1. If residue 277 satisfies every condition in (1) within 15 Å of ligand 2 (Cβ to nearest atom); (2) in the same structural domain as residue 181 (by TED's automatic domain parsing); (3) in contact with a helix residue (DSSP H, G or I) (Cβ under 7 Å, 6 or more places away or on another chain) but one, which is the exception?
2. If you scan region 219-253, which residues turn out to be surrounded by 14 or more Cβ atoms within 10 Å (Cβ to Cβ) and touching a helix residue (DSSP H, G or I) at 6+ places or on another chain (Cβ under 6 Å)?
3. Which condition breaks for residue 223 when tested against (1) touching a strand residue (DSSP E or B) at 6+ places or on another chain (Cβ under 9 Å); (2) in contact (Cβ under 8 Å) with a residue 60 or more places away in the chain?
4. Given the criterion within 13 Å of ligand 2 (Cβ to nearest atom), modelled with pLDDT of 95 or more and surrounded by fewer than 15 Cβ atoms within 10 Å (Cβ to Cβ), identify the matching residue among 190, 176.
5. If a residue must be under 21 Å from residue 376 (Cβ atoms) and exposed (fewer than 12 other Cβ atoms within 10 Å of the Cβ), how many such residues does region 424-443 contain?
6. I'd like the residue in region 379-394 that is modelled with pLDDT of 95 or more and over 13 Å from the mean Cα position of the chain (by Cα) and, out of all such residues, is surrounded by the most Cβ atoms within 10 Å (Cβ to Cβ).
7. Could you tell me which of the residues 141, 175, 179, 164 is more than 22 Å from residue 351 (Cβ to Cβ) and in contact with a strand residue (DSSP E or B) (Cβ under 6 Å, 6 or more places away or on another chain)?
8. Would you confirm, using the coordinates I've provided, whether residue 152 is farther than 19 Å from residue 272 by Cα and more than 16 Å from ligand 1 (Cβ to nearest atom)?
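The values are calculated or read from the model by the stated rules, or taken from the named source; none is laboratory data. Remember, predicted model here, so these are calculated numbers, not experimental data. Here the Cβ is made from the backbone with ideal geometry for all residues, glycine too, and neighbour counts use every protein chain on show.
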Ligand code: MFK
Ligand code: FAD
């Protein structure tokens, strides 16, 4: 069988290996505390988290439908590593840091830097974290009196930390949630609701609570169709005795990827839930969750790109072909350089969106920042997402339409904000002779985009779709 064994690429501290992340933080968030925290987190990723993520892949969740006595229990059994990742997520403040706001408008950049480092090692625990963050954001932005839930979603105390699900998709409605949602909500005398319906894709179903959409029925059982009939609800997934809250877990999805994550089909058969939004404002209210999960999606995609480029570079120093190391083959170096440039651009794009989010939450955002955040969130998600990341949280085409929605809804103001922003950045870049060719080419692209925008701004989304 021969004596040669390839030396493997080594994973070392992802923070100290990442010159761009370090430089970015040095420039914008140079606090010693941040550097120290990320340094230690980078060590923990190698020494502990990486193995846990791997364990989650090797030990996928299972559904225990009945107990030994034939009673229906519907328990989702996850491995110890999955639970440990939940605890680590709380300890490291992977959601909390976004709400403690210790670093003012840079708090999201700080939090997302950790998510970015965590993602490629975390066995997709990033999925429940994204939804948990999104749920906290919705609760905070609606200002509803569910303080206990908010505190638990954003705590660093691992014993109190809760995660949230995001149950939107039904068999009819994945992208088209507004017309496809059939779940109904019947009002109870105490003001709570009971939900009846079928949710077709619910990831990280081991969550403690969930946000979901349903149509409130009148006394005759009738409800309003379309987006204006949908309201947003908050529900506990499990009762205090560990049994399901009016839910039957039909089955766990047998997936091609993301096998670590328990994703289920759920029959809601009288799930007790609390109304969170105004009646009929469900879609608009859950949009805040979509913004957060789409930003997480972006950051996780870029974190994975960085891990891949890092390992590729490391491998190229160890693997030989045709008499020399890969790093000495010009063509291979060109391939790696292209990956590196894409990764850097995607990183800066992702961090810019996080910066804008942080400014908005810190109430220091200008009007332009707010418009840019709305426009760039779907663009960043659709551009960076590959594999499953491009399906969930809005497919590439659906997000393209969301970009058009943002243009139409703001009567073109988001584009105006974008053009002003890019023009100002190009003016800065023009000062450097080395950047002249790139600046010229960007000016050409910008002119073409402006021409499109002139025809697009005043038209409704449907008409815009034709012109896209
Ligand atoms: C690794 C990390 C990743 C974590 C992954 C977690 C696991 C996966 C979880 C999921 O996949 S959860 C399911 C995600 N599903 C989607 O993303 C659904 C995709 N479909 C859309 O995004 C549609 O655009 C949407 C259902 C949101 C709306 O379609 P409609 O019904 O055609 O929308 P309409 O009528 O234009 O808008 C309704 C309201 O919502 C409007 O507000 P107003 O009533 O005030 O006018 C819109 O402005 C508002 N809205 C829609 N999208 C918005 C938004 N507001 C802000 N931002 C947006 N993006
Ligand atoms: P469809 O909406 O039927 O779309 C099919 C195709 O048509 C896509 O390519 C889409 O881009 C395209 N398309 C649709 N509409 C348009 C249009 N107007 N113009 C152009 N093209 C269009 N959902 C949840 O609610 N919670 C979860 O936790 C969750 N977890 C998931 C986990 C995994 C692993 C996966 C794969 C999905 C999960 N989903 C979840 C569901 C996911 O959000 C949906 O699959 C997604 O929103 C797409 O919906 P769909 O599958 O019904 O596809």
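1. (1)
2. Passing the criteria: 223, 227, 230, 231, 232.
3. Going through the list (1) touching a strand residue (DSSP E or B) at 6+ places or on another chain (Cβ under 9 Å); (2) in contact (Cβ under 8 Å) with a residue 60 or more places away in the chain, residue 223 breaks only (2).
4. Exactly one of 190, 176 is within 13 Å of ligand 2 (Cβ to nearest atom), modelled with pLDDT of 95 or more and surrounded by fewer than 15 Cβ atoms within 10 Å (Cβ to Cβ), namely 176.
5. Qualifying residue count, region 424-443: 4.
6. 379
7. Selected residue: 164, the only one of 141, 175, 179, 164 that is more than 22 Å from residue 351 (Cβ to Cβ) and in contact with a strand residue (DSSP E or B) (Cβ under 6 Å, 6 or more places away or on another chain).
8. yes
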